[in-house]
Structure formats: structure tokens, C-alpha cells
Amino acid sequence: MFVFGLLKKVLIYSNSTYGRKATTASGMGNGVQEHQQALTQGEVLPSPPASQSEGYRQGLSVVNSLASGALAGAVAKTAVAPLDRTKIMFQVSSNRFSAKEAYKFIYRTYQTQGFFSLWRGNSATMVRVVPYAAIQFCAHEQYKGILGSYYGFQGKSLTPIPRLVAGSLAGMTASMITYPLDLVRARMAVTPKEMYGNISDVFVRIWREEGPKTLYRGFTPTILGVVPYAGLSFFTYETLKKLHAEKSGRTKPHTYERLAFGACAGLIAQSASYPLDVVRRRMQTAGVTGHSYSTILGTMHQIVTEEGLVRGLYKGLSMNWVKGPLAVGISFTTFDLTQILLRKLQRRGYFR
């Protein structure tokens, strides 16, 4: 509620700024168009100081990105939570993965623990995903602006390398801020309800029993994994939208096209970074699974020795080829459509 309250205030000021700019710049082409648009909508807009307009626009952009990103992350992760929990269970165990075994695990969990147990740990996921997705999408927009300004691409699409860098930096920024929440979510996903009561209980017990450093166990493989994952996700999605616009002449893809672009982005990114995701999960849950993993290379060596290269480091990847593209497609599509909706509501004066 706080975010949307803040969004309402920023949008009110943005409308005021918009009217000021349309009036004072009426002698220029862009100003005339904006002024005429305001008049055709029958708006009478107050005029705060023109020097504040840039700040209000930037504030509006940031809040829009944060709100859209938060909703995108929440919708996407909730949709695939049962598959995500199943994947984690196989990642952190030595049991062989197959579609049949995954189905058995889901059905057995449903029978013994109930339907909503399939979403166990999802509350911790939301606590992490909402700020993570909000920060990641918002950071991506800001990094695109910074790199576009640096390389002289204002108002244009970035070239491939800056596009890849912007996505990687966005993922790194979000991961550094929210990592302990990801560890807590992994712990809750692989333990019975009796072990941890709630999210705060996980934090307290890890702090007391394993030490505060444990909250960042597995952080290095996370960062190493998020560079190709986030970079390729944003790069692929932005590139496909750019190619689509060039081929079709439409700047706004249909919803099903956005879902398809996001699915492709998720498929490529998940496949490239998956082994590090397995290593991260093993290190995060070592305290409750009876294993001892200390370094990235040591964890990889132990997994490969005990379970094999493909069956160990790529365990559950086939499920990720279902879950990952679905989640990423929903996430990118929700983000884009939410931003479009917020801008339409602002233009029509619903936040006045």
C-alpha cells in the first residue's frame, strides 16, 4: 500500500509538471504537441517550477519501474512455485531426477501434506522476490539510461554489448541486496514445517546456530551465475523486441509475443547458468542436509564425483526448461504491461 500511495503522489506531481512543460515550451514542436494533447483531454493543469520537471519525471520513472517489477516478480514466482520447490528438492539431494520422479514427489507431497504445501516457502520467496524483482527491473532501466547517455544512444536501443552489461549489472545489484532472503527461502523449501516456524525463525536460528556469515553462504556462485543469467535474460528479451519492431513495424508486441520472447530469454539464460545454480543451492542448504560444502570448485568436484557431470550439475534442468521460460515470460510480460497500464492511467488523469 505504501508503494502505491507513493506512486499516486508522484503521478500527481508528474501531471502538474507535464502541464507546465506543455505551456512553457509551446513555441517548440515537442511542446506544441504536448500542449495540444493536454487541451484535447480537457485538462487544466497547475504549473510547479519548471526546474523541478526533470526530477519529477525521473521520480515517476523509478516508482513505475519499482511497482511494475515487484508485481512481475510476485506473479511469475507464484505461478511456478510448486515446480520451483520440486526442482530445489532434487538439486540438494543425491536422488536421480526424472520427470516421473518429479511427478511422484509433487503427488506424494500433495497427498501427505496437502495442496498448499506445494507452495511451502513461497512466503519467503515473496519476501525476497518482490524487492529483488523491483530492484532488478528498476536498476535495469537506470543502467540502460546511464549506458545510453555514456555511449550516445539517448532515445535509441542500446547496441548488444551495453545491452548485455545493463542486464548483468541489474542482476548483480538485486542479488547483493536480497541474497539472505534467497538463502532463507531455500532452507524453507527443503525442510519440514516442524523445523522452522516462519521466516524470522529461520534468520534467528541460522544466526545463533551457524553464525551470521552463513546468511551469505553460496553468495559467490550466485553472483557468478547471475551475470550470465540476468545479462542473457534482459539481452535476449530486448533483442527480440528490437528485431520484432524492425520486422513488423510495430513498437508494441502483442501479449503472446512478449510471453514468447520472455520464454526464449528464460530458456537461454537458465541453460547457461544452471550448474552454478545447483552449486548455490547445495551450499545454501548444507547446514540442514548433512553435507559439507565450502568452496565452489570443491562443491562441483564432490557433485561430479558422487553423481556424475550431467546427472549432478544439470540435475533438474529439464524441469527448468518448463519452469524457467514460463516464469521469465510471465515476469517480462507483466512488467511491460504494468508499465503501459500505469502510463495510460497517468495520461487519463486517474491519479489526480
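In table form, for the structure just shown:
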quantity: Cα-based Rg / Dmax (Å) for segment 218-315; calculated: 17.7, 57
quantity: Accessible area per residue, Å², segment 218-315 with all protein chains present, probe 1.4 Å; calculated: 46
quantity: Point-to-point label distance, Ile340-Lys247, nm (Cα→Cβ direction, 7 Å offset); calculated: 1.9
quantity: Apportionment of accessible area to carbon and sulfur, segment 218-315, percent (1.4 Å); calculated: 65
quantity: Segment Val322-Ser292, extension gain: residue separation times 0.36 nm, minus the distance between their alpha carbons; calculated: 7.8 nm
quantity: Pair Glu101, Leu224: separation of 7 Å Cα→Cβ label points (nm); calculated: 2.5
quantity: Of Lys242/Lys315; Lys77/Lys247; Lys241/Lys323; Lys241/Lys315; Lys100/Lys323, pairs whose Cα-Cα distance is over 24 Å; calculated: Lys242/Lys315; Lys77/Lys247; Lys241/Lys315
quantity: Pair Thr255, Asn198: separation of 7 Å Cα→Cβ label points (nm); calculated: 3.5
quantity: Distance between segment 283-352 and segment 114-132 - C-alpha centres, whole angstrom; calculated: 13
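The values are calculated or read from the model by the stated rules, or taken from the named source; none is laboratory data. Keep in mind the model is a prediction, meaning the values are calculated, not measured. Cβ: placed from backbone, ideal geometry, glycine included. Neighbour counts: every protein chain shown. All accessible areas refer to the heavy atoms of the entire protein, side chains included, with ligands and DNA or RNA removed. Shrake-Rupley method; radii C 1.70, N 1.55, O 1.52, S 1.80 Å.
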